[in-house]
1. Give, in whole angstrom and from largest to smallest, the semi-axes √(5λ) of the equivalent ellipsoid of segment 172-329, with λ running over the eigenvalues of the Cα gyration tensor.
2. Let's test the formula: R0 of 51 Å, r as the Cβ-Cβ distance of Ser89 and Phe164. What FRET efficiency results, to the nearest 0.05?
3. Could you compute the FRET efficiency for Ile144 and Gln201, with r as their C-beta to C-beta distance and R0 at 51 Å, rounded to 0.05?
4. Suppose R0 equals 41 Å. What FRET efficiency, 1/(1 + (r/R0)^6) with r the Cβ-Cβ distance, do Ala255 and Thr290 give to the nearest 0.05?
5. Label points 7 Å out from Cα along the Cβ direction at Thr71 and Thr240: separation in nm?
6. How large is ³J(HN,Hα), in whole Hz, for each residue of segment 97-104 in order, when computed from phi with the Karplus curve 6.51 cos²θ - 1.76 cosθ + 1.60 and θ = phi - 60°, using x for Gly and Pro?
7. Skipping prolines and chain starts, which residues have an amide H placed within reach, meaning under 5 Å, of the one on Arg191, given they are 5 or more residues away or on another chain?
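Since every read-out is calculated from the coordinates, none of them should be taken as a lab result. Not measured: the values here are computed from a predicted model. For neighbour counting, all protein chains shown are included, and Cβ atoms are generated from backbone atoms with ideal geometry for every residue, glycine included.
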Amino acid sequence: MTTKKLLQRSALFGMTCLALIISLIALPEILVSAETINGSAIQARPGSVDALRPQGQGPLNLRPITSLTLTLSSPAATNRPTTFTASASGASPILFSWDFGDGNSSPLSDSPTRSNTYLMIGTYTVVVTAVNGFDNLDFATESITIEVGPNLLYLPVAFKNFNFPPPPQADLACTNLQIDPLSPAVGQAVRVTVQIANQGQVEADGFWVDLYVDPDPNGLPKPGRENRIRWDDACGGINTCQRGIAWRVSKSPLAPTQSRTFVSIPNTLNPSNGQGFDPTNSAWPDGLFTAGEHKLYAYVDSINGLAVIDGAVDEGDETNNRCEKVFTVSPASSSTRLDQPNPPPSR
């Protein structure tokens, strides 16, 4: 080989090497990374938007991500899942990655919800990143700080020797017992007025109000729950009293704070100044009394505890049910005969 040909070959080899170097420099940038969205492979290359879309889809919308928010479902506690939810607006698809602040994280995914279980109490910063592609496409981050407390177990509390407050009850009270005239004489009819009130918290209905006339001291109706005596039986035995009144309250509830007036007039006469008595269970011969001292007792809810129609009311206070009145009838100028009372009723 001549010197001329050797120089030509050397020059050609040099040009070839230079062209190779230039070609390497001018080659498109090497593809980097590979991700998967819903099973479709994505190859990302800096500066190439079309390469960042799932295979078979059109160009990605580069609308920026906006309104990224992050919330948790419930107060965080140890040893139970705490669920976080992200929400974002922007180009689709939007992917989310998570850093839960305790060393746990979650890779890119199109699911906006993730759960994490914290093993220790403390303060943690949770960060979510949302992207609508890879590398130089738009992304946003949001974080919240949470307090993780102990996972408490609440046990029922047992009370020993604890008296729970009673439920709301009615409280029937006799508030007034009056006669008219105040100082009657023999032959003058006495009119009796009884006033009661409900001082409890619930309405009361289905009870009797009895008026006892000169009862036997041993048969006197006693305040309290032990009273079970009708006016009929307060003179020494069953149906021993000759006169008395029974007012019946039925299907006419007495509301809390409400009062009611009863008068010694039969309800068949529809008295305008109060509720009249039940003539079937009363004996009131014109309200006439003999000369001398007389004692009247009014008792609301009088037959407490007896299994009779319109039985007793369970009250918060059973000691305020009785009223009493003592009065004296002066002799008349001429003898006046009292009418005989009605036969004792059978209530």
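1. Working: eigenvalues 113, 62, 41 Å².
Whole-Å semi-axes of the equivalent ellipsoid: 24, 18, 14.
2. On the way: r = 55 Å, r/R0 = 1.09.
The value I calculate is 0.40.
3. Working: r = 49 Å, r/R0 = 0.95.
Efficiency, rounded to the nearest 0.05: 0.55.
4. Numbers: r = 41 Å, r/R0 = 0.99.
So the FRET efficiency works out to roughly 0.50.
5. 7.9
6. 10, 10, 10, 8, x, 10, x, 8
7. Excluding prolines and chain starts, which carry no amide H, the hits are Asp180.
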